[in-house]
Amino acid sequence: MPSLSASAYVVLGLLDQAGPATPYALDREIQQSVGHFWDFPRSQIYAEAARLVRRGLVTEEREETGRRRRTLALTREGRDTLAAWLTAPPQGATDVRDEGLLRLYFQREGGSGGAEGAEGSEPGGELGGSEVAGVRRLAEAQMAAHRRKLAEYEAILAEVPEPSSASDPSGARFGVPQAAALASGLRFEELAVAFWAEIAEGGAGVVDPRLRGR
């Protein structure tokens, strides 16, 4: 069988956790869980679900009357496919697409982008002086964005139950692996806030000492 996309495994994983669900319910679950670290447009749910049904990994039941809702459920083959994926090592490193870092990279030492005056800047030098306004605005905007995201994670942390162990017979869906994923988000946002705070203050503190004096 041809390999599945990572998005297909999101659908399989959520159906494994939540049981039979409509595409709408899956979308809500994505927004409240993996959507915080895996971009998943709503339209993709329907496309992935249809492909999984054709492959026999998911079943679909449609209401004959009323809203004619579609209910998706994991098949035994779908559960086995998910289990095989979970135990296989991921291919490649983590993808990073950060517009804030992209804008920072193209700033000149004085604080505004463009090629003019870029020559002669020294790695590891401070961004100080009155010309750093552009970089400071960028840093402050990024700090605000990451603080908002951090607040979202902290709100989730305040609401979730204590993680259950693998031996917990209750079958609670928020266990240690899910708590670890949340902890990763919290730590990343805390680090990002601290990073951009240093950039706003001049940036010298974030430069690797090995670059100084080159």
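Any read-out appearing in this document is the output of simple, stated calculations on the displayed coordinates, not a laboratory observation. Small disclaimer: the values here were computed from a predicted structure and weren't measured. Cβ placement follows ideal geometry from the backbone for every residue including glycine, while neighbour counts extend to all protein chains displayed.
Once you have the Cα-Cα distance between Arg62 and Ile156, take 0.36 nm times their residue separation minus that, and quote the gain in nm to one decimal.
That works out to 30.5 nm of additional length.
Roughly what would the spin-label model give for Arg42 and Arg79, points 7 Å off Cα along C-beta, in nm?
For the pair Arg42/Arg79, the computed spacing is 3.1 nm.
Order the peptides 83-90, 98-105, 43-50 from the highest to the lowest mean number of other Cβ atoms within 10 Å of their residues.
43-50, 98-105, 83-90
Using 0.36 nm per residue of separation minus the Cα-Cα distance, give me the extension gain between Tyr105 and Ala133 in nm, one decimal.
Working: separation 28, 0.36 × 28 = 10.08 nm, distance 1.55 nm.
Fully extending the segment from Tyr105 to Ala133 adds 8.5 nm.
Express in nm, to one decimal, how much length is gained between Thr22 and Ala93 on full extension, taking 0.36 nm for each residue of separation and deducting their alpha carbon distance.
Length gained, Thr22 through Ala93: 22.3 nm.
Which residues does a label at Ala181 reach in the stretch 54-74, if reach means a backbone N under 18 Å from a point 7 Å past the Cα toward the Cβ?
Those under the cut-off are 74.
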